[in-house]
Amino acid sequence: MIELTDPRLTTYDIVLDADDPSRGPGREPSDEPEALAGRLRLGGPHSVRLTPEELAGDPVQSAEQPDRGKRRAPSVKLYYADVEQLCEQVAGYLRAAAELCVGEDGSDHSFRMHALAQRVESGLPTWLARVSKMRIPSLHRERLAKLAGGQELSHLSDLVNADVIKAVLDEEEREVVRKTIESRMEDERKQLERVGGEVAGETIPGTEGETFAELSGDLDNAETAKEYLDRLCETVRDMGLHATDTAMEGAFAVSVWTAPGTGATVEIMVPKQFVLTAEGAKAVAGRPARAIVRGADTGARRVLEEQGTQARFVTMEYLLQTLAHLVQDLQHAFSPDHAVEELRKIRVSSIGRDW
């Protein structure tokens, strides 16, 4: 007998036929079958949990494991693959919930949920979960788990110097692992700067045939935050937005973009070295800006997991994809007001999704 009592599910009852021999002798067919052993009930607002007596009377369980005169609680065999699949499913629900984690004051709390999802899915701390996702054969989950009690490393590739890794990998193997981690991280960084193939060739309105792919290539080659934001502002001005000259405020390059029609504004920020630090995360937590980052260091991740933030931290890939899809959907109806409105509508940060 199986019962799922989630009230959000539609109620379904699957019962044995009225004349099924499993019901036992002497039962007369009826329009309303009794709630007896052999019924499968899925959810519904009126669902109730089965009693121990009903569970113990399950004919399937009784056939597989006779009672032998003793009342036994039902049992289920679980294998590693079952647990792994269950954790993946729970992590999926947590990631979905993260998209809704916005407080009444507009603060983004999605980082905490994304971090929890990674820990549930991998069974490892967040920073080791990133390594686990790289699928490096010599750094399988059981081996990484031995590092869980240690301090989080600023450079993931440095974990090859840990004693538990030295004990099982020789120097040549550790060097291969180090280069693999660094290569994968660089590939991830470049991916976050590139727009997807389906919109990469979309022409940017107001420009002389420039595509979003060409813009992302130029931005990827920028060496400083100011140079990066200057190049981006140049393009959005061509699109019809009003953009202030880039100014340096503390650790950020800053520009304010204004919709010419509605007057709505959105503040765009880029951190020095393109990586968000703990100090940077705290500095902009109270500003409803859109901060473009390539990643976040250990301290920044810890800050964002512990507190909400008014700012939204997005990758360049996410920002360009947002604008490119907007242009693609609206075509000739596109206006610069739409661009500002779309950026203001970003509900939660994007960088937490690959925490």
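The values are calculated or read from the model by the stated rules, or taken from the named source; none is laboratory data. Keep in mind that this is a model prediction, so the values were computed, not measured. No Cβ is skipped: glycine too gets one built from the backbone with ideal geometry, and neighbour counts run over all protein chains shown. The protein model used for the area step is the full one, side chains on, heavy atoms only, and it has no ligands, DNA or RNA in it. Shrake-Rupley method; radii C 1.70, N 1.55, O 1.52, S 1.80 Å.
Miscellaneous remarks
- Test: residue in region 292-310 that is over 23 Å from Cys101 (Cα atoms), touching a residue at least 40 places away in the same chain (Cβ under 8 Å), surrounded by 20 or more Cβ atoms within 10 Å (Cβ to Cβ) and in contact with a helix residue (DSSP H, G or I) (Cβ under 9 Å, 6 or more places away or on another chain): no
- Count - residues of region 202-216 that are part of a loop (DSSP other than H, G, I, E, B) and of a type in the set (A, V, I, L, M, F, W, C): 1
- Matching residues in region 95-104 - criterion: being free of Cβ contacts under 8 Å to residues at least 24 places away in the same chain and open to solvent by 40 Å² or more (accessible area, probe 1.4 Å): Ala96, Leu100, Glu104
- Residue ranges of helices (runs of 4 or more DSSP H) in region 115-201 with at least 2 members in contact with a Ser or Thr (Cβ under 9 Å, 6 or more places away or on another chain) and open to solvent by 70 Å² or more (accessible area, probe 1.4 Å): 171-193
- Qualifying residue in region 254-275 (condition: part of a helix (DSSP H, G or I) and either buried (at least 18 other Cβ atoms within 10 Å of the Cβ) or aromatic (Phe, Trp, Tyr) (or both)): yes
- Residues satisfying the stated conditions in region 217-246, i.e. open to solvent by less than 50 Å² (accessible area, probe 1.4 Å), assigned to a loop (DSSP other than H, G, I, E, B) and without any contact (Cβ under 8 Å) to a residue 24 or more places away in the chain: Ala222, Thr246
- In region 204-216, the qualifying residues are those that are within 29 Å of the chain's Cα centre (by Cα) and without any contact (Cβ under 8 Å) to a residue 24 or more places away in the chain, and the one that is least open to solvent (accessible area, probe 1.4 Å) is Thr211.
- Top-ranked residue of region 93-112 - restricted to ones that are of a type in the set (D, E, K, R) and under 9 Å from Gln310 (Cα atoms), ranked as nearest to the chain's Cα centre (by Cα): Asp108
- Positions within region 269-278 being out of contact with any helix residue (DSSP H, G or I) (no Cβ under 7 Å at 6 or more places or on another chain) and at pLDDT 95 or above, in sequence order: Met269
- Test result for Thr224, within 30 Å of Ala251 (Cβ to Cβ) and modelled with pLDDT of 90 or more: yes
- Filter result for Val314 (closer than 22 Å to Ala264 by Cβ, of a type in the set (Val, Ile, Thr), open to solvent by less than 20 Å² (accessible area, probe 1.4 Å) and touching a residue at least 12 places away in the same chain (Cβ under 8 Å)): yes
- Count - residues of region 325-355 that are assigned to a helix (DSSP H, G or I), without any contact (Cβ under 8 Å) to a residue 24 or more places away in the chain and either open to solvent by 80 Å² or more (accessible area, probe 1.4 Å) or polar (S, T, N, Q) (or both): 3
- Enumeration of residues in region 276-291 that are outside any strand (DSSP E or B), open to solvent by less than 10 Å² (accessible area, probe 1.4 Å) and closer than 26 Å to Pro336 by Cβ: Val284, Ala289
- For beta carbons closer than 9 Å, sequence separation of 6+ or different chains, a first residue in region 262-274 that is over 14 Å from Ala243 (Cα atoms) and a second that is part of a helix (DSSP H, G or I) and of a type in the set (Val, Ile, Thr), the qualifying pairs are Thr262/Val340.
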